[in-house]
Each structure stands twice: as structure tokens, then as C-alpha cells.
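Take a look at the structure below.
Nothing in this text is a laboratory measurement; each read-out follows from the coordinates by a stated rule. For clarity, every value in this text was computed on a predicted model and none was experimentally measured. Cβ placement follows ideal geometry from the backbone for every residue including glycine, while neighbour counts extend to all protein chains displayed.
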Amino acid sequence: MPILFDEAHQLFHLQTDRTSYAFQITKWGLLAHTYWGKSVRSDYLHRNLELRARSTVSPRPDPTEPAFSPDTMPQEFPVYGAGDFRPPAIEVLLENGTTVTDMTYRAHRIINGKPPLEGLPATYVESEEEAQTLEIELYDSLVGLSVFLSYSVYPTYDAISRSARVVHNGTEPLRLQRVLTMSIDLPHSDFDFLLLSGAHLRERAIYKRPLTPGGHTVESRRGVSGHQQNPFIALLPKGTDEDNGEVYGFSFVYSGSFLAHAEVDQFFTTRVQMGINPFDFSWLLTPGESFQTPEAVLVFSDQGLGGMSRIYHRLIRDRLCRGTFRHQERPILINNWEATYFDFDANKLENLAKEGSKLGMELFVLDDGWFGKRNDDHSSLGDWVVDKSKLPDGLKDLADRIARQGMALGLWFEPEMVSPDSDLYRQHPDWCLHVPDRRRTESRRQLVLDMSRNDVIEYVVESVSHVLESAPIAYVKWDLNRNFTEIGSQLLPKERQRETAHRYMLGLYQTLERITSKFPHILFESCAGGGGRFDPGMLYYMPQTWASDNSDAVSRLQIQYGTSLVYPPVTMGANVSVVPNHQIGRVTPLQTRGYAAMSGSFGYQLDLTNLSEEEKLTIGDQVALYKKIRGIVQFGGFYRLLNPFEKGEAAWMFVKEDRQEAVVFYFQVEAAVAGPIKRLRLKGLDEQLDYRLLHGEQKEEISQVDIYGGDYLQRIGVILPALKGDYQSLIFRLTAAAT
Ligand code: DGJ
């Protein structure tokens, strides 16, 4: 059984195939964290809880037990006020004005499967055998407040998800000032703290720093998860690298303002916490009400960062993403944004589609500018009505024209936003997030619709549905191009104003649930000025995300490499664009742009009507190649080989689940002279098998000779040809040779 309760020692042992996570109910009623790491038998786990009298300034509430102090006890869900000076998981403002609570164990139950989280995205099961869930009730009898901690254990995925639900059965209203999803106390601090940080056009770069005493925080206060910090952290004991060593990963399934915090205390132990950002948050809980936190997914691997990533990839692909496209190969698209921006009409679009179709592309995406009077980004968001000056015969006609070219039509929306210059805003100026009598700060000339309001949700569902019903639309790009300011809602009473940001998320999730389930045949891709909301919450509704507005191949190597720490390549929208690149002006070869984009969900974003014959040939070959390899790229195991953050090159590979086929990409960012002959060691292969190696786009039938053992390829590697020049790249394909 994945969850064992050792009655004698009051110990819970949560077991995945390769890991153990254990904690105990102490006689003081606190939950003491006991162990998390590689599997250990249950029998002796209880011996790992070692309490010692340490600091004289640490409170000792039980005079008969000088070794017990909440301040030094490793805990699972600490509260504030009774002697633990480390950050609490929950802080409650009570009716009497105080914030001291005392939450102790009351009951628990173990259930098969995993109940959904009401109104929130979460990992799920398809049958009850896939997971087991432990629910523990902590209770403060003075207040009548319960916290139900939930731990779902996925044995075969090697992951544990955690969340908390607060239920108020007392008599007086109270206010949650902080209610995190999880807290855990690890027994030392010899870790590096790893985070994904960046900016618009430079998303999810990898940073690593040693943990030192005090706090290490990754957070968003922007209303959305943001370009700047991703809701993910990892702790790496010294010496852990890509392939070896232990890693603790924490990923938060939420798209709003979040907190991920690791704090090293006076005794060099480490408390790790994750949850909704308490900054500018509070939640009024009246008697009978409850509050559900989002979930966090905890992963331990003893196979380095690569091992951790592959666990996240499988879980996200199989048990977070949903819908028709979860396991379906994604179409190769041509998006008109960088080809035309706002300057297009039906003929121009049709010509673009025609060229795309000739080159083998499958989906034509009409980006921003098809509605209202949107000839630039100054107006019309909210007015989801076709601009007849550009598309006189409407979307249905456009879809028919595109279909005649053998392609499906996709469409861009930015449904959570409103332009002050729009009919919607003129009719409903109170529908945006705002604070009475204060300036409404614009960003990209737009305001944020208040998704905490039911009337706004209804409008968004109806207006988007109306368009999607008006024409055969096969794909939607759901964009969001600003962060939130003046976060307040016209409809909420003053004592609930600080609930607005989280209520927005609940409203957004409800909207996404309704729209995506109403149109199950549509592939949805989320976007936020590129990768400003690349998080597990959005992936629950939309199985891919536009990874960055930066389409420069070299920038993309780092962006996609960093993103892959948590998110599988199939979730990363990646396009080939023109050179000089529109965002940073770099000129890279078409081949390299192709290989970088082929490492995710592939497409083009350039004017196909303006290509040389040679470019057309190359693009045609790329499209044909991607069709051959996309099953492996999108659904195979992903192995990082060379890190573009470390030196002037990058490499990674995709291995089919049965290890019979693989695809390898190598990128030389900076040319070097007089170096050693390079060998690229591969990973993830079956060392007992022999593999046929196809270089470049070489056709299968002409490559009989290049056969290597899996062991050879992993231990010695492929000898790389000398590449002349910066920004060069290679592809190798491997197929198991018949024995
Ligand atoms: C930002 C997106 O990231 C771009 O790809 C494009 O869709 C623009 N918005 C359109 O305004």
C-alpha cells in the first residue's frame, strides 16, 4: 500500500516506487516530519525523530519534556504563536484581534484515488489504483477551526501532491492572513537553492545559489505567476548535477501570485514552504465556510536534475494535462503574427496559408488584430466581433478559404482584458480590476477584466463561445499581456477586497473549465506576452504554452532548456521566425532556427510568401522531418546533454518510451578553435541494444553502416563533426538495429 499507518509509532509512511515520505503524530499533537528521500523500510523510520534540548531561548511548553520545543521540532504544518519562530504555514486573525492558534492532530483517513480540488487545477487519477490519499485533520478547539492536510501519493509516478483545506466550524468570523499549501522541515541546509527566473523575452533562466541562514524566496506579487519567477524551486545537496545526486523539487499548481520560500534556521535546518502569496492576501471565513489551497507537487529523485525533470514531465503530460490533445501529436502551425502583425486582410492570410500548406504545415493561426478596430494595440480588447474591414466575409469565410488550402484555422484571443477604447469598456467601466477614485493604471493600453465577477465570467464565456461557434476553429491562442495593478473589485465588500486576486484566479479557472470542456475538439495554447504564465495551473486547462515572445534560436536554447526543468517539451510552443530576429536582431541559420523550434511543439511565424526557393526547400524538409520525429519529441523521455547556461553549446535528446528510437539535437552557439575532438555522450538508451545512427536529415535507406552499441553511445559518445561558425547545429536520429 502506498500509505501505511504504523499505529504503534503513530507514523505515516507515504511510499512511491522509489521514495519514502514519513511523519509522525507526536504526543503533543503536532505532526513531526520524519523523513523524505530514497525508499526506506517502514520498520525503523520512527527512530529518525530526534528531539534535543538545544537553545535556552526556544520555548518548552511541556515542563516534563525539556527536549520538546515547537521551535526545533521538524514540522509538517506549523502554526503561529506558541513557540515556533520559523515562518508558519497558516496565520489566522481571530475575532478577538489576536493571531495565536494551536492546531493539533484530531483524525485521519486514507482513501484510494485522489479527490479533485474544487474549482482548482490539480493532478488527477484515471482509476483509484493510481494513487492513494491521506487526509489529516488538525484542529484548534478554542476557535473551532480545522485544517485538512491532503497528501496524494502516486507510486508509479514517484510524486506526492499536497494541499490544505481550512474548515471553520466555530462561531466567530475570522480572517486567514496566510494559508500555505505545504511546509516541510528538512534536517540540514547543505543545499543549493535552484530557481527559474527571468523577464519578458528571457524567461526561466536557471539560477542556483547556496542556502545560507535566513530566507530564500521566489515569489510573484503580480497577480499572475509571471515572467520573472516561476512557481517552482528545487533543493540540491552539494554535488548533485544533471545525472547524479539527490534533488527535492517543489512545483505549485497555480497561476496567480505565489510564494516559494526556503528558510535556514539557527540550527541549520531548512523549512520549505509553498502557497498563495500572503502578500496583499487575506480571506474572510465566516462560520460554516471553508477555504481550499491550490496544490503543490513534491518530487524527490536520486538521479539528478534530469531524473527530477522526467518525473515532472510524465506526471504533467499524463496526469495534469487533459483533453483530446493530451496524447495527440500537435499540428505544425503557421502563425501570422511576425509575418503581418496587424496589417492583413483575408487575401494576405489566404496566401500565407497557401504557402504553408504547400510546405506541409497543418494549422493556420490568425493572431491579434482580427476583431473590433484593432489596427494596433491601442484598442478593442473585449469587443470580440470580426473586423469587417479586414475580413469582410467573416471568420467562416476565412476558415473555408483556409480549409480549401488543406489547413485548419486557429484564432488568437485575449479574453481577460479590456481596452479603455472599446465598446465593452464604454458600457461597463466597472468591469475591470480597480480601486474607487484611484487611477486605473494601463499597461499595453489595457486594463484587466475583473474575473472574480460572475457577470464578467458570463460575458467572457459567451463572447468567446460565440466566436468559436461561428466558424470551424481548431485552435485557440489564449493570451494575456499585462500584470495586475489596483487589485480591487467593485462587487466585493471592503472586508473582502484582499480576496480579489485569488477570486480572480478561481473565476479564470471556472471560465477555462467551461470553455475548454465546451469545445473539446479545440487545441488551446496559453500565452502571456510569451511565457509570463507558464505554470502547471494553466497546463491543466491548456496542454501547451507559448514559451516566449523571443523567437531567436539562440535565446530559445536557454529558455527551453530552463523551462524543461519542470515542463515537458510538448508543452512548449516554439516557432521559426525570420532573421534578423525581430526581438533581438540576431541572424542565425534557418537550420538552427528549425532545430531549436523542433525541440518543442513546432511551427513557423514568418512571411512564407517572401521566401527564396532555397528557404522553401529547407522549410519543406523541416516540416517533413518534424512529422517523422514529433511522436518522439512530444511524448518521449527528455534528456539534457549540454547546458547552454554553462558554455557556448547546447544539446538534448528525446527517447521513445520503448527506447527503440531517439532524436538528438546539438547546437554550437560559439565557434571555437583548436579544441579537442568532441564526443557527445548520449543518455536514456538501452545499453544492450545496437542503434543505427542517421546523420542530419539523411534518409533511412541510405544509412546501413553507422551502427553503434547503446553502451558505446552512452559511454563514449558520437564524434561531432567540426562545425564552422557560430549558431551551427546538428541532428542525429537513432533507431534500434534489428539483431
Ligand atoms: C503577445 C504574444 O506573446 C504574441 O505572440 C502575440 O500574440 C502578441 N501578444 C499579440 O498581441
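Descriptive notes on the structure:
- On the beta carbon distance between ASP430 and SER141, with R0 = 56 Å, the FRET formula returns roughly 0.80.
- This model, with +1 at the C-beta of Lys and Arg and -1 at the C-beta of Asp and Glu, gives the chain a dipole about its Cα centre of some 840 debye.
- Efficiency of FRET between LYS27 and GLU95 - r from beta-carbon atoms, R0 41 angstrom, step 0.05: 0.85
- For the pair the range 245-323 and the range 72-112, the centres of their Cα atoms are 18 angstrom apart.
- Ordering of 509-519, 443-453, 191-201 by packing [mean C-beta count within 10 Å, highest first]: 443-453, 191-201, 509-519
- Inter-site label distance for LEU617 and ASP345 at 7 Å from Cα along Cβ, in nm: 3.6
- For the chain, the longest principal axis of the C-alpha atoms and the axis of helix 394-404 are separated by about 60°.
- Taking the centroid of alpha carbons for each part, the range 389-446 and the range 665-691 are 47 Å apart.
- Contour excess over end-to-end distance, with Cα ends at LYS628 and TYR207 and 0.36 nm allotted per residue: 148.1 nm
- Extended-chain gain in nm, criterion 0.36 nm per residue less alpha-carbon gap, SER290 and LYS38: 87.2 nm
- Its relative contact order, with pairs defined as Cα atoms under 8 Å and 6+ residues apart, puts the chain at 10 percent.
- The alpha-carbon atoms of the range 94-165 define a convex hull whose volume equals 108 cubic angstrom per residue.
- Contact order relative to length of the range 499-564, as percent, for alpha carbon pairs under 8 angstrom and 6 or more apart: 24
- Among the listed pairs LYS348/LYS396; LYS477/LYS647; LYS208/LYS656, those with a Cα-Cα distance over 26 Å are LYS477/LYS647; LYS208/LYS656.
- Alpha-carbon centroids, the range 22-60 and the range 510-574: separation in whole Å: 40
- Put in line by how crowded their Cβ is, counting other Cβ atoms within 10 Å and starting with the fewest, TRP283, TRP28 read TRP28, TRP283.
- Potential lengthening between GLU458 and ILE677 on full extension [0.36 nm per residue; Cα-Cα distance subtracted]: 72.6 nm
- When peptides 492-505, 655-668 are ranked by their average number of other Cβ atoms within 10 Å per residue, the highest-first order is 655-668, 492-505.
- Crossing angle, helix 553-563 versus the chain [Cα axis fit, 0-90 degrees, rounded to tens]: 30
- Computed over the Cα atoms of the chain, the ratio of the radius of gyration to the Kirkwood radius (Rg/Rh) comes to 0.98.
- Packing, as the average of other Cβ atoms within 10 Å across residues, places the peptides 428-439, 263-274 in the order 263-274, 428-439, highest first.
- On Cα atoms only, tilt of 500-518 relative to the major axis of the chain in degrees: 50
- Taking the fewest neighbouring Cβ atoms within 10 Å as the starting point, the ordered list for VAL467, VAL40 is VAL40, VAL467.
- Given +1 at the Cβ of Lys and Arg, -1 at the Cβ of Asp and Glu and no other charges, the dipole of the range 269-428 around its Cα centre is 720 debye to the nearest 20.
- Rough spin-label spacing in nm, given labels placed 7 Å along Cα→Cβ, for ALA53 and GLU513: 5.3
- Here GLU525, GLU462 are placed in order of increasing Cβ neighbour count within 10 Å, fewest first, which gives GLU462, GLU525.
- Cα-projected label distance for LYS396 with LEU720, points at 7 Å along beta-carbon direction, nm: 5.5
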